[in-house]
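First up is the structure itself, then whatever we jot down about it.
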Amino acid sequence: MKVIVCVKQVPDTKGGVKFNADGTLDRAAMLAIMNPDDKAGLEAALRLKDQYQAEVTVLTMGLPKAADVLREAIAMGADKGILVTDRVLGGADTWATSTTIAGAIRNLEYDLIITGRQAIDGDTAQVGPQIAEHLGIPVISYAQDIKIDGDKVVVQRQYDDRYHMLEAKMPCLITALSELNEPRYMTPGGIFDACAAEITTWGRADLKDVDDSNLGLKGSPTKIAKASDKVRKGAGEKVVPESPEDAVSFIAAKLDEKHII
Amino acid sequence: MDFSLSKEHEMARALFKEFAENEAKPIAIEIDETERFPRETVDKMAKYGFLGIPVPKEYGGQGCDPLTYVMCVEELSKVCGTTGVIVSAHTSLCVDPIMTFGTEAQKQKYLVPLAKGEKLGAFGLTEPGAGTDAQGQQTKAVLDGDEWVLNGSKCFITNGKEADVYVIFAVTGKVEKRGKMLKEISAFIVEKGTPGFTFGTKENKMGIRGSATYELIFTDCRIPKENLLGQRGKGFNIAMHTLDGGRIGIAAQALGIAEGALERTIAYTKERKQFGKSIAGFQNTQFQLADMATKVEAAKLLVYQAAMKKAEYTKNPKVSYSVEAAMAKLYAAEVAMEVTTKAVQLHGGYGYIKEYEIERMMRDAKITEIYEGTSEVQRMVISANILK
């Protein structure tokens, strides 16, 4: 069984957010982590490795330093890492990104592709399903539990106040939620192996069946009008009510004043 | 000379830090208060290979270098001195001598499960009458057929009762050395559960209260002949070699405690306001913090240097790291005591309250000046080397 996990290096929310002049994120200037939903997807794949000896390949698209998340994934137990990096791919929106990743995956054999539901930087939840669409395979999104049954996957899909049980024949794509599991830690020996491991690096020329017009900033239909860091809250107003009743009256009056209730 | 860490070491530090924050920190107050051995943390550390960091992969270890191991103890000790010493006593005092002096059969039987964390290790040298003076040993081992028979007791044994495998020192005879009759000391591997091997009092300690410190009692305890570790009569050398490595582990623990206290104090002094401004705005605080940070950094360089010297030794056994280890332990332990004491003072009344954890760090720091060779012993080791 061969599993491909797509991971993304995202800005660490503990660090500051920085932007390029064109409104896109200045990823080189920020601290970075593996996107939490992707990490849950990786853990799900590693459990398939533990149980079914699945071969786990991790794939990412990004700047050369995105190789760090691949090394982290290998230190957790993944078998190999592929980095897709090229200047012409920079500034990609979800369409250009999914086109690129699908172009890379066309070079690989797989039974299952797992992506995170969404990345904490863009929060679109579009790339996973788009990759499946490009590759012409079924997609099950928002997975909170994954089981293998012969040549099928059986997935619990989170849905508002309930979940759906869905089956799909492999090959297929699953998008994972961070609630899916608790990702394992790296191991010290795994780290040393990961740093010695060769990361396969692909550029534009290695992408299969893709058109230049669908790549990078130029191939991105999404245009960012404006981007900004989150607005910092002020110090607020501190009140010390004399009783719980006074506190309730004060809050109710404030909510009323702001037309919230 | 390059002082920057490699990619491997940067990643390993991030791993240990994340683990320490998630697993050790949340229970640090509770295990100190209740003197509870943190078995759940030990199990998790075993799962992720933290109990076999410097052991080659062919023996179930992680195949990493001494610096990686040092950073593990350091990061754990930043949030919990108890967790740091559990790893240090297991790795430096039990895993290391079996890895260095064990036969292939002993390595397969003991080193592999110890490195995988399936078993926990401990070390028994100290006795009521023999601490710094190893010649004061009273525990005896007599060969009787195919078995050694142990009688005597050991005290202050870290990981006592919780550990499965113990490296124990005992007198096996007398030898003449430079005209003097000296005790012949040998090392043995003893398993928990061996008839005649029992545990006495659990010590109620000032610090590292979650670590289990027990008296070990041997009463006609029979162990197989093949459990002699290293050559007969080489016990003193094995103990000294082991303690050289152990001192690097304790130096890392002391460094971690000092760093943890400094980090908390920096954060607290920025937050705490007096006379209308944060106390970090007062020059006294600034100068104290500057001194603390400088000493912590110096301690770190000494500890890492000792680890690198031990790494050299693993490639070339002629290299000695004894003095580097002694200097690292002496300095890091004294810095830990000084920094935690100042940290309590800078926290004012809150520093004296358990919830703030600074007082625990001060209590934990004290032992690093005492065990695995007191600061006085480290000065003896260092001066003997520079005056020879």
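The values are calculated or read from the model by the stated rules, or taken from the named source; none is laboratory data. As the structure is a computational prediction, the values presented were derived from the model and not from experiment. Every residue, glycine as well, gets a Cβ built from its backbone with ideal geometry; the counts of neighbours run over all protein chains shown.
So the values come out like this:
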read-out	value
Residue, farthest from the other protein chains (Cβ to nearest Cβ), within the stretch A:173-210, restricted to residues that are more than 29 Å from residue A:140 (Cβ to Cβ) and charged (D, E, K, R)	A:204
Options A:108, A:89: the member that is aliphatic (A, V, I, L, M) and either crowded, with 18+ Cβ neighbours inside 10 Å or within 14 Å of chain B (Cβ to nearest Cβ) (or both)	A:89
Residue among B:167, B:142 that alone is at pLDDT 95 or above and in contact with a Pro (Cβ under 6 Å, 6 or more places away or on another chain)	B:167
Qualifying residue in the stretch B:249-263 (condition: closer than 24 Å to residue B:87 by Cβ and surrounded by fewer than 20 Cβ atoms within 10 Å (Cβ to Cβ))	yes
Condition met for residue A:115 (in contact with a Leu (Cβ under 6 Å, 6 or more places away or on another chain), among the hydroxyl-bearing types (Ser, Thr, Tyr), buried (at least 23 other Cβ atoms within 10 Å of the Cβ) and more than 14 Å from chain B (Cβ to nearest Cβ))	no
Qualifying residue in the stretch A:189-201 (condition: free of Cβ contacts under 8 Å to residues at least 60 places away in the same chain and surrounded by fewer than 18 Cβ atoms within 10 Å (Cβ to Cβ))	yes
Residue within the stretch A:183-190 that is modelled with pLDDT under 95 and either out of contact with any strand residue (DSSP E or B) (no Cβ under 7 Å at 6 or more places or on another chain) or farther than 30 Å from residue A:92 by Cβ (or both) present	no
Test: residue B:74 is away from chain A (no Cβ under 12 Å), surrounded by fewer than 20 Cβ atoms within 10 Å (Cβ to Cβ) and modelled with pLDDT of 95 or more	no
Candidate set from the stretch B:1-37 (those that are within 14 Å of another protein chain (Cβ to nearest Cβ) and in a loop (DSSP other than H, G, I, E, B)); member that is nearest to residue A:77 (Cα to Cα)	B:6
Inter-residue pairs, beta-carbon under 7 Å, first within 7 Å of chain A (Cβ to nearest Cβ) and in the stretch B:58-69, second part of a loop (DSSP other than H, G, I, E, B) and surrounded by fewer than 22 Cβ atoms within 10 Å (Cβ to Cβ), 6+ apart	B:63/B:56
The stretch A:160-177, subset in contact with a Phe, Trp or Tyr (Cβ under 7 Å, 6 or more places away or on another chain) and assigned to a loop (DSSP other than H, G, I, E, B), residue modelled with the highest pLDDT	A:171
Flag for residue B:368 being farther than 23 Å from residue B:67 by Cα, at pLDDT 95 or above and either out of contact with any strand residue (DSSP E or B) (no Cβ under 7 Å at 6 or more places or on another chain) or surrounded by 18 or more Cβ atoms within 10 Å (Cβ to Cβ) (or both)	no
Check on residue B:94, away from chain A (no Cβ under 14 Å) and part of a helix (DSSP H, G or I)	yes
Residue match in the stretch B:99-119 (condition: over 26 Å from residue B:227 (Cβ atoms), buried (at least 24 other Cβ atoms within 10 Å of the Cβ) and within 14 Å of another protein chain (Cβ to nearest Cβ))	no
Which numbered condition residue B:96 fails, given (1) surrounded by fewer than 21 Cβ atoms within 10 Å (Cβ to Cβ); (2) under 19 Å from residue B:186 (Cβ atoms); (3) touching a Ser or Thr at 6+ places or on another chain (Cβ under 8 Å)	(1)
Given (1) under 21 Å from residue B:157 (Cα atoms); (2) facing chain A (nearest Cβ under 9 Å), number of the condition residue B:47 does not satisfy	(1)
Among (1) within 13 Å of chain A (Cβ to nearest Cβ); (2) under 26 Å from residue B:111 (Cα atoms); (3) out of contact with any Lys or Arg (no Cβ under 7 Å at 6 or more places or on another chain); (4) acidic (Asp, Glu), the one test that residue B:40 misses	(1)
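Here is a yes/no grid of residues against (1) among the small types (Gly, Ala, Ser); (2) part of a helix (DSSP H, G or I); (3) out of contact with any Cys (no Cβ under 9 Å at 6 or more places or on another chain); (4) more than 30 Å from residue B:44 (Cβ to Cβ):
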position: A:194; (1), (2), (3), (4): yes, yes, yes, no
position: A:208; (1), (2), (3), (4): no, no, yes, yes
position: A:216; (1), (2), (3), (4): yes, no, yes, yes
position: A:225; (1), (2), (3), (4): yes, no, yes, yes
position: A:235; (1), (2), (3), (4): yes, no, yes, yes
position: A:239; (1), (2), (3), (4): no, no, yes, yes
position: A:248; (1), (2), (3), (4): no, yes, yes, yes
position: A:252; (1), (2), (3), (4): yes, yes, yes, yes
position: A:260; (1), (2), (3), (4): no, no, yes, yes
